[in-house]
Amino acid sequence: MSIDIETARRVAKLARIKVEDDDLPALAGEFNAILGFVEQLNEVDVEGVEPMTSVTPMRLKRREDVVTEGDQADKVLANAPDAREGFFAVPKVVE
Amino acid sequence: MLDLTYETPKPKVIAGATGDWELVIGLEVHAQVASKAKLFSGASTQFGAEPNSNVAFVDAAMPGMLPVINEFCVAQAVRTGLGLQAEINLVSAFDRKNYFYPDLPQGYQISQLYHPIVGEGEVLVSMAPGVARKVRIERIHLEQDAGKSIHDMDPHMSFVDLNRTGVALMEIVSRPDIRGPEEAAAYVVKLRQILRYLGTCDGNMQNGNLRADVNVSVCRPGDYEKYQETQDFSHLGTRCEIKNMNSMRFIQQAIEYEARRQIAILEDGGAIDQETRLYDPDKGETRSMRSKEEAHDYRYFPCPDLLPLEIEQAWVDDIEASLPELPDAKLVRFVADYGMTEYDAGVLTADVESAAYFEEVARGRDGKLAANWVINELFGRLKKEDHDITESPVTAAQLGQIIDLISADTISGKIAKDVFEITYTTGRDPEEVVENEGMKQVTDTGAIEAAVDQVIADNPAQVEKAKENPKLAGWFVGQVMKATGGKANPKAVNQLVAQKLGL
């Protein structure tokens, strides 16, 4: 798999990261280096091997259905660039 | 399983300029899990709270916060799967669906793309007595809901409330087995009914607790059968997805409009673009959501914050053992045990509260009479005031008393309606009302005879006419009933009138 400049531009846009046109070729190159590294893994035969999801034998931790948090709108909004009447206020987004 | 024999409904056919077209529809229903806390945080799910008051730091995606799954939400998804006769996957896993939107602070939704918790199941959608469509369920997965954006509070700003962010949803995905707008609505109604029986989702569409994305395509007659034979989608037309509908009426209107739009394009020699569309109920049309197109590249990957979700078969078995009797089984039993029609059984089993109310009224009594009173009198009266069964001022025990009073010939069916009205408006017990208001039926033939004699004596001209036209006997019966305040036993009055007039 090879990443061209257009794909690099698209990935940057989807991730909402601004990349100048001049920097795109270098970015595409880095992507290709990473993918090339990962693709080496394809050489390993993993037929019949369970995917390892954790290095320790752990079971997914669970919670009871109990309300333990809330009523902290002031804290939730504390870092918001703009908040009004308890809401986050953002530039208008309408479909 | 239940022996439910039924015919398959005909697909909806739209006549085009170049021949007939058929509809093919699949639905993705998002059902909010009935739980106290969210899927991955301890914040409340309560509807209508102050903005951003039901928000944990996990929901707000504060750096370093980690999701911890709510076990009850998992149980609810399993319960739903069992209720839809679906396979339960003992190992499932969570993935990140990445996109940017102000009401999604994480920048991704935690969902289950590759390994959903519930696999294939089915729903039987009844269209008329004896006619039903079996709709296959492809999968159910657990995922987080997004927050809510409000666009009309300020001309330049959108306001975001994260109270709904992270609430657990079950996405119930059907196969494209639905063949018309009415079937689509009936499918949602049936799904909602099952969810409410199970208690896994309250089904409140107004609050957005149940909403549907509808996939619509059109094809020529015969193509769909080829698809069903081969499961090869190339026999079907290109589909469009209409997003986020929360009313049965809009679902039907949107499908109807969308099918006609696609047919018009195809008949003009055009092609359908696979896209996401939005239904505008004011204009009655669907329109493209172009902004969503780019976002469609969701770059799913396994969520590194969560281990796979492993559950035990014994736990699933415990949940299965706790399932209530479901609508299809209840309907069959009502028809068999109470001798009612499938239609009446459908009305009484529409929701679990109505069914329970009816069974309490019917216990030890005439089932048909009980069904009649619950459906015609009680439901009719409740509907008049836009109340549902849980708001009934007449308890099941009270309605049972009325039926006992009729069965014992203590009151006539006509008087029973008056008693019912008094109980409905005042809450007084029927037995007490009948006793204290002197509404007992007069079965004493002596008293009835006296009343009949009196009417005959007062109306000699009518008597003469009645001898020529026996139909006039009814007039005498009416007069006697009036004279006795409606309390005379109608059967006794009929007999005595006929006898005295020599008919």
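What to note about this one:
- Taking amide H as placed 1.01 Å from N in the peptide plane, A:ALA83 has its amide H under 5 Å from the amide H of A:ALA89, each at least 5 places away in sequence or on another chain.
- Cα centroid of the stretch B:207-263 to Cα centroid of the stretch A:63-87, whole Å: 39 Å
- Per-residue Cβ neighbour rank within 10 angstrom, fewest leading, A:THR7, B:THR276: A:THR7, B:THR276
- Inter-chain Cβ neighbour count for B:69-75, averaged per residue, equals 4 (cutoff 10 Å, partner chain atoms only).
- B:GLU285/B:ALA314 FRET efficiency (R0 51 Å; Cβ-Cβ; nearest 0.05): 0.45
- Residues B:SER111, B:SER322, ranked from the fewest to the most other C-beta atoms within 10 Å, line up as B:SER322, B:SER111.
- The mean count of C-beta atoms from other chains within 10 Å of the C-beta of residues in B:38-51, rounded to a whole number, is 4.
- Between the helical axis of B:445-458 and the longest alpha-carbon principal axis of chain B there is an angle of about 70 degrees.
- Residue exposure sequence - B:TYR108, B:TYR187 - by fewest surrounding Cβ within 10 Å: B:TYR108, B:TYR187
- When the protein assembly as shown is described by a simple charge dipole with +1 on each Lys and Arg Cβ and -1 on each Asp and Glu Cβ, the residue from B:ILE117, B:GLY446, B:ALA31 located farthest towards its positive end is B:GLY446.
- Cα gyration tensor shape for the stretch B:230-355, rounded if a/c is under 1.5, else prolate or oblate: oblate
- Cleavage-rule hits (GluC sites (Glu not before Pro)) in the stretch B:8-100: DSSP loop, at most 15 neighbouring Cβ within 10 angstrom: B:GLU87
- Prolate/oblate/rounded label for chain A (Cα gyration tensor, a/c 1.5): oblate
- Couplings 3J(HN,Hα) of the stretch B:359-373, computed from phi: 5, 5, 5, 7, 4, x, 10, 5, x, 5, 5, 4, 4, 4, 5 Hz, in residue order, whole Hz [Karplus 6.51 cos²θ - 1.76 cosθ + 1.60, θ = phi - 60°; x for Gly and Pro].
- Taking Cα centre as origin and charging only the Cβ of basic (Lys, Arg, +1) and acidic (Asp, Glu, -1) residues, the dipole magnitude of the stretch B:1-45 rounds to 400 debye.
- Between B:VAL434, B:GLN479, B:ALA397, the Cα set farthest toward the positive side of the dipole of the stretch B:360-503 (charges on each charged residue's Cβ, about the Cα centre) is that of B:GLN479.
- Take each residue in B:300-310, count the other chain C-beta atoms within 10 Å of its C-beta, and the mean is 2.
- Computed 3J(HN,Hα) for the stretch B:430-439, one whole-Hz value per residue from the Karplus formula 6.51 cos²θ - 1.76 cosθ + 1.60 where θ = phi - 60°, is x, 4, 5, 4, 4, 5, 7, 9, x, 9, glycine and proline marked x.
- Between 0 and 90°, nearest 10: helix B:413-426 axis offset from chain B longest Cα axis: 50 degrees
- Counted charge near B:ASP404, where neighbours are those whose Cβ lies closer than 14 Å (Asp, Glu -1; Lys, Arg +1): -4
- Euclidean distance between Cα centres, the stretch B:296-334 to the stretch B:29-97, Å: 13 Å
- Cα centroid of the stretch B:369-420 to Cα centroid of the stretch A:2-28, whole Å: 72 Å
- Here the 3J(HN,Hα) profile of the stretch A:22-35, calculated from phi with Karplus coefficients 6.51, -1.76 and 1.60 at θ = phi - 60°, is 4, 8, 5, x, 5, 5, 4, x, 5, 4, 4, 5, 5, 4 Hz, Gly and Pro shown as x.
- Built amide H within the under 5 Å cut-off of B:ALA56, gap 5+: B:ALA43
- Cα gyration tensor, the protein assembly as shown - rounded (a/c under 1.5), prolate or oblate: prolate
- Highest mean packing comes first when the peptides B:444-457, B:361-374 are listed by Cβ atoms within 10 Å, giving B:361-374, B:444-457.
- This model, with +1 at the C-beta of Lys and Arg and -1 at the C-beta of Asp and Glu, gives chain A a dipole about its Cα centre of some 440 debye.
- Entry note, chain B: relative contact order of 13 percent, from Cα contacts under 8 Å with a spacing of 6+ residues.
- Check: chain B dipole with +1 on Lys, Arg Cβ and -1 on Asp, Glu Cβ, in debye: 1020 debye
- Positive-end residue, the protein assembly as shown charge dipole about Cα centroid, Cβ charges, pick of B:ASN89, A:ASN32, B:SER288: B:SER288
- Partner aspartates and glutamates whose Cα lies under 19 Å from the Cα of B:LYS97, excluding those fewer than 8 positions away in the same chain, are identified as B:GLU28, B:ASP59, B:GLU143, B:ASP145, B:GLU171, B:ASP213, B:GLU241, B:GLU275, B:GLU293, B:GLU294, B:ASP297, B:ASP305.
- Interchain or long-range residues, amide H under 5 Å from B:GLU285's placed H: B:ASP280
Laboratory data are not the source of any read-out in this text; all were calculated from the coordinates shown. Only a predicted model underlies this, so the values are computations on that prediction, with no experimental measurement involved. Glycine gets a Cβ as well: all are built from the backbone with ideal geometry, and neighbour counts include every protein chain shown.
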